[in-house]
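The structure appears right after this line, and notes come after that.
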Amino acid sequence: MNETYRNMYKKKKIGLAKQLLFFILLMSTVFTLIITGLNLYRDYKEDLASIDERMTQIEGSFLSSLTASLWVEDRELLLTQAEGIMHLPSIHYLSIIDSDGTVVQLGSELQEYKHEKVWEMQHTVGKRQYTLATLTVQSDLYTVYQGLFDKFIFLLVSQTIKIFLFAISSCILLIVSLYGHLR
């Protein structure tokens, strides 16, 4: 019975190098996933902040001039200003719609993966305020998601290579140091 117990114990015994390798791989993988997740989250927030900055720029710089052009019914100037907005980074769709229908529409309306901002185009004369139209601007988040996915794949591959090289060198170092002491 004692002999059988020793044989079972020997079969389940894992060498120190294998234990070290497993621990290094496990901990490196956990830390890599955590750090990669935090980096991707930070990048996502930065991309959204950049898009929000563009929307704020449109509201602060373009909305009043677009409204003035619509008020005086200068469609040519309105179209030129709208095209200027479309040249801003991350802007993919713009529409100005009044009670009669679409005044200006540039780009293709996004159905999903979009960041949308809508403003009422209001003109004030004296104490009266007139709502002329609605300005809608959309930004395509698909490019943001694609960039994050590409970065995730790159980080995953590079970290896997790094972990593999670190684990192999740690095992070699352990084996060399252990066998050096045994001689």
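The values are calculated or read from the model by the stated rules, or taken from the named source; none is laboratory data. Treat the numbers as computed from the prediction; the structure is a model and nothing was measured. Note that we place each Cβ from the backbone using ideal geometry, even for glycine, and neighbour counts take in every protein chain shown.
Residue-wise test of (1) over 22 Å from Gln81 (Cβ atoms); (2) surrounded by 13 or more Cβ atoms within 10 Å (Cβ to Cβ).
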residue: Ser108; (1), (2): no, no
residue: His123; (1), (2): no, yes
residue: Thr134; (1), (2): no, yes
residue: Thr143; (1), (2): yes, yes
residue: Ala167; (1), (2): yes, yes
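In the set Leu94, Leu132, Leu178, which member is modelled with pLDDT of 95 or more and not polar (S, T, N, Q)? Just one listed residue meets the conditions, Leu94. Ile14 meets each of the listed conditions (1) surrounded by fewer than 16 Cβ atoms within 10 Å (Cβ to Cβ); (2) of a type in the set (Val, Ile, Thr); (3) in a helix (DSSP H, G or I) apart from (3). Among the numbered conditions (1) assigned to a helix (DSSP H, G or I); (2) surrounded by 18 or more Cβ atoms within 10 Å (Cβ to Cβ); (3) in contact with a Ser or Thr (Cβ under 6 Å, 6 or more places away or on another chain); (4) not hydroxyl-bearing (Ser, Thr, Tyr), the only one that Leu77 does not meet is (2). In this structure, does Tyr5 turn out to be at pLDDT 90 or above and either at positive phi or not aliphatic (A, V, I, L, M) (or both)? Answer is no for this residue. One residue stands out in segment 53-74 among those that are farther than 27 Å from Tyr113 by Cα and polar (S, T, N, Q): the one that is surrounded by the most Cβ atoms within 10 Å (Cβ to Cβ), namely Thr67. Within the span defined as segment 152-169, every residue fails to be in a helix (DSSP H, G or I) and under 15 Å from Glu59 (Cα atoms). Taking segment 36-64 as the range and being aliphatic (A, V, I, L, M) and free of Cβ contacts under 8 Å to residues at least 60 places away in the same chain as the test, the residues that pass are Leu38, Ala49. Phe149 meets all of the listed conditions (1) closer than 28 Å to Arg42 by Cα; (2) exposed (fewer than 12 other Cβ atoms within 10 Å of the Cβ); (3) modelled with pLDDT under 90 but one, namely (3).
Within segment 100-146, the set of residues being touching a residue at least 12 places away in the same chain (Cβ under 8 Å), over 29 Å from the mean Cα position of the chain (by Cα) and part of a loop (DSSP other than H, G, I, E, B) is empty.
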